[in-house]
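So the structure is just underneath, and the comments pick up after that.
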Amino acid sequence: GDSVMLAGTQDRAQLLFFFDTNCHFCLETLPWWQVLATAMKDAPGVRVYGVSLSPDSATLAYKHAHQLGFELVRFPDRRAQVEFRAIATPITMLVDSAGSVLYARGGALTRAAVDSLLTGMRSVKLIPGGGGSTPQPKSLP
C-alpha cells in the first residue's frame, strides 16, 4: 500500500494507536480506541492510525476480525519502533503537526484517560464540541 508519514506531517495532528496482534491489553483497549476514532470523524485537523508492530498477514486478519474503524499502518523495522519508543504495547499517542508529542499513554485505556484526552483535544481546538460524556465502548465482535 501507500506509505504514511508519522509525526510531523505539517498538515494535521495524528492520533496513533500502537498495538501488537498478540497483546491482550491491546485487545482490552481496542473498544476505547474505537470510541476515540469515532470522535475524530468530525475533526478535519486530526488523522487516526493504528500502528501495528505485527507482520502484515496478522495485522490484516486482526483488522477484519475486529472490524477496526481506523486506518492501519505497519512499522517497517525495529529501528522505527525504537524511535517512537513503541517497544511495549498498547500505546496511545497524540502528535501535533510539527511532530511534538502532546499526549502519550502506555497500557490499557480507561474511561478517565479517554475523557482526559478528549477534553485536552477540545481545549486546543483539535476537535469540535463543548464536551459531553464519553460514549460507552461497544464490546468486541
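Rule-based calculations on the coordinates, nothing more; no lab input. Keep in mind the model is a prediction, meaning the values are calculated, not measured. In this analysis, Cβ positions are derived from the backbone assuming ideal geometry, glycine residues included, and neighbour counts consider all displayed protein chains.
A crude spin-label estimate for the pair residue 123 and residue 67, with each label 7 Å from Cα along the Cβ direction, gives 3.5 nm. The amide H of residue 72, built 1.01 Å from its N in the peptide plane, has 50 as neighbours under 5 Å, considering only residues 5 or more places off or on other chains. Inter-label distance, residue 24 to residue 116: 2.4 nm, where each label sits 7 Å from its Cα along the C-beta direction. The slack between residue 102 and residue 11, meaning 0.36 nm per residue of separation minus the straight C-alpha distance, is 31.2 nm. Take each peptide in 101-107, 47-53, 35-41, count the other Cβ atoms within 10 Å of every residue, and average; sorted highest first, the result is 47-53, 35-41, 101-107.
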